[in-house]
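Okay, so here's the structure we're looking at.
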Amino acid sequence: MGKELPILPAAAQPSSSEQAEAFVYSRVFCQKENSPPLRLLIDFLKARGQTPIVPSNIDDAALDEWAWVRISLGYHRDRQPVQLFCVRDRGSYQDVFEQEQKQFVDLLTAYEDIEAQLAQEYVTRSRFILTTRFSKSDITDEGYDFNGWILEFYQDQCNGIVQIDDQGFYSPKGDLIVDMAPQED
């Protein structure tokens, strides 16, 4: 697992030949100290009628590890998988965690309503950030549902708040509480 993380895009994505593909990023800012082991996520997805495709080269014991950093989970054999990243307030990717946390605290300070203050409090208190990323051009409704179940799992299990780029922050009931959609001129 090389240091290929910096996940950031909450604003414009870099436009280079290798970054020609557009990705959708979503996050859960989690207040729980540790991420649940991946096996719990996989069991949750199966219980919701999903069939997560785990990389064939992953060691079975790794699924019981809480300190994982990156994994790709497929939802359909003919589609690109959803990539999951987990950065924490300690350890190897602490700098990435702090950068994302600061970026979203700064974004939320521009809003004056109570919902934005609540979201800012969640972001400030977060201990880890679960980020999902998938290809905008290769996703299906099934993939959006799959990603939604992943976000719901972390929101519920880790006392988190969901943020989706170009949309905003969502309440536990799924209501948009801080609209961060790009404003059209």
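The values are calculated or read from the model by the stated rules, or taken from the named source; none is laboratory data. Note that the coordinates shown come from a computational prediction; the quantities given were computed from them, not determined experimentally. FYI the Cβ positions are ideal-geometry reconstructions off the backbone, even for glycines, and counts take in every protein chain you see. The protein model used for the area step is the full one, side chains on, heavy atoms only, and it has no ligands, DNA or RNA in it. Shrake-Rupley method; radii C 1.70, N 1.55, O 1.52, S 1.80 Å.
Quick notes on this structure:
- Stokes-Einstein D in µm²/s, Kirkwood radius over Cα pairs - segment 90-159 at 25 °C with 0.890 mPa s viscosity: 176
- Cα-based helix-to-principal-axis angle, 141-157 vs the chain, degrees rounded to 10: 70
- In segment 82-129, the trypsin sites (Lys or Arg not before Pro) that fall in loop regions by DSSP, at most 12 other Cβ within 10 Å: ARG90
- The aspartates and glutamates within cross-link reach of LYS173, meaning a Cα-to-Cα straight distance under 16 Å and a gap of 8 or more places when in the same chain, are GLU115, ASP145, GLU152, ASP156.
- Among LEU118, LEU84, the sequence by solvent-accessible area, most first, with a 1.4 Å probe is LEU118, LEU84.
- Gaussian network model of the chain, springs between alpha carbon atoms under 10 Å - residue of GLN99, GLN120, GLN31 with greatest fluctuation: GLN99
- Between the Cα long axis of helix 38-47 and the first principal axis of the chain there is an angle of about 90°, rounded to the nearest 10.
- Model label points for LYS46 and ASP64, set 7 angstrom from Cα along the Cα-to-Cβ axis, are 1.5 nm apart.
- Per-residue SASA remark: SER135, around 10 Å² accessible (1.4 Å probe; ligands, DNA and RNA not included).
- Helix-derived mean residue ellipticity, 222 nm - over the chain, DSSP H n ≥ 4, -39500 (n - 2.57), to 500: -9500 deg cm²/dmol
- Between 0 and 90 degrees, the angle of helix 114-125 with respect to the longest Cα principal axis of the chain falls at about 50 degrees.
- Where [x] 11.3; [y] 10.1; [z] 19.0 are the candidate values, the label of the one calculated here for mean projected area of the Cα convex hull in nm² is [x].
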